[in-house]
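Enquirer: Below you will find the structure I want to go over with you.
No lab work stands behind these numbers, since they all come straight from the coordinates. Predicted model only: the values in this text are computed from it and were never measured. Here the Cβ positions follow ideal geometry from the backbone for every residue, glycine too, while neighbour counts run over all protein chains shown.
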Ligand code: 1GP
């Protein structure tokens, strides 16, 4: 399986419009089903597949899921890791993330240090990402020991990302948590985008056209959906992706 230059791909695709990313959690289905989801979402127009989750148990799970998806799509498959133990050499690239508002250095730099020699040895492309979890935060907020940013505290969100920008992160991800009942507020996205030109991922709880559209229009470059990939019908999902691409 040939590797894709994911950084180049994302930048090229963003010239055409906003992007949708499909998040597949290896813990939620067998690899064979993950492969089928990869195929289905490719047909629906998603731009790439992210693989990750907060409750993984083995690297084997990640390897098997990544391989199954790669066999079913020509789109990039990118790791969205919760720790150093869950990296698969079969993916095209790795989001090299720091959970900026964690109380635990493990999630800010120590897991990344733990993974670094392995990443070096397999020569995998990494895309650095400052990851910020806001309320309600859900499982990732708890597991990542995040001091959740309050939904109305735009200033704190902006301060974290401005500081991270000075460190040279390539991308940012503002996350409400998988399954969140409230998505990242538009005002927060607008204020971030006014000061920070880096590629901005937004996700957590997005499962309808209206929310996807307003999130993209507020300034998110890449909208990530996870739960919605199983819960809603194909026609609706296709329209969500289209609305994002046209925002
Ligand atoms: C989780 O933001 C993503 O990292 C996706 O969230 O599962 O709610 O779509 P959902």
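Enquirer: Restricting attention to the stretch 143-173, which residues are out of contact with any helix residue (DSSP H, G or I) (no Cβ under 7 Å at 6 or more places or on another chain), within 15 Å of the ligand (Cβ to nearest atom) and closer than 23 Å to residue 13 by Cβ?
Expert: Those that are out of contact with any helix residue (DSSP H, G or I) (no Cβ under 7 Å at 6 or more places or on another chain), within 15 Å of the ligand (Cβ to nearest atom) and closer than 23 Å to residue 13 by Cβ: 171, 173.
Enquirer: Same structure again: Quick one: residue 53 ticks every box in (1) in contact with a helix residue (DSSP H, G or I) (Cβ under 8 Å, 6 or more places away or on another chain); (2) farther than 22 Å from residue 8 by Cα; (3) within 13 Å of the ligand (Cβ to nearest atom) except a single one, so which number is it?
Expert: All conditions are met except number (1).
Enquirer: Go through (1) more than 14 Å from the ligand (Cβ to nearest atom); (2) in contact (Cβ under 8 Å) with a residue 60 or more places away in the chain; (3) surrounded by 14 or more Cβ atoms within 10 Å (Cβ to Cβ) for residue 243 and report which single condition fails.
Expert: (2)
Enquirer: Are there any pairs, at least 6 apart or on different chains, whose C-beta atoms fall under 9 Å, with the first in the stretch 163-189 and at positive phi and the second near the ligand (Cβ under 9 Å from one of its atoms) and assigned to a loop (DSSP other than H, G, I, E, B), and if so, which?
Expert: 177/204; 177/205; 179/204; 179/205; 179/226; 179/227
Enquirer: Please work out if residue 107 is assigned to a helix (DSSP H, G or I) and touching a strand residue (DSSP E or B) at 6+ places or on another chain (Cβ under 9 Å).
Expert: Answer is yes for this residue.
Enquirer: Does the stretch 207-221 contain any residue that is near the ligand (Cβ under 9 Å from one of its atoms), surrounded by 15 or more Cβ atoms within 10 Å (Cβ to Cβ) and without any contact (Cβ under 8 Å) to a residue 60 or more places away in the chain?
Expert: There is at least one residue in the stretch 207-221 that is near the ligand (Cβ under 9 Å from one of its atoms), surrounded by 15 or more Cβ atoms within 10 Å (Cβ to Cβ) and without any contact (Cβ under 8 Å) to a residue 60 or more places away in the chain.
Enquirer: Filter the stretch 11-31 down to the residues that are farther than 25 Å from residue 217 by Cα and either out of contact with any helix residue (DSSP H, G or I) (no Cβ under 6 Å at 6 or more places or on another chain) or assigned to a loop (DSSP other than H, G, I, E, B) (or both) and list them by number. Talk me through it step by step, then tell me what you get.
Expert: Keep residues of the stretch 11-31 that are farther than 25 Å from residue 217 by Cα, which gives 25-31.
Of everything in the stretch 11-31, those that are farther than 25 Å from residue 217 by Cα and either out of contact with any helix residue (DSSP H, G or I) (no Cβ under 6 Å at 6 or more places or on another chain) or assigned to a loop (DSSP other than H, G, I, E, B) (or both) turn out to be 25, 26, 27, 28, 29, 30.
Enquirer: Scan the stretch 91-111 residue by residue and report those that are more than 15 Å from residue 173 (Cβ to Cβ) and crowded, with 20+ Cβ neighbours inside 10 Å.
Expert: Result: 91, 92, 111.
Enquirer: Could you tell me which residue of the stretch 176-206 is surrounded by the fewest Cβ atoms within 10 Å (Cβ to Cβ), considering only residues that are within 8 Å of the ligand (Cβ to nearest atom) and in a loop (DSSP other than H, G, I, E, B)?
Expert: This residue is 179.
Enquirer: With the requirement that a residue be in a helix (DSSP H, G or I) and more than 11 Å from the ligand (Cβ to nearest atom), what does the stretch 222-237 give you?
Expert: Selection gives 234, 235, 236, 237.
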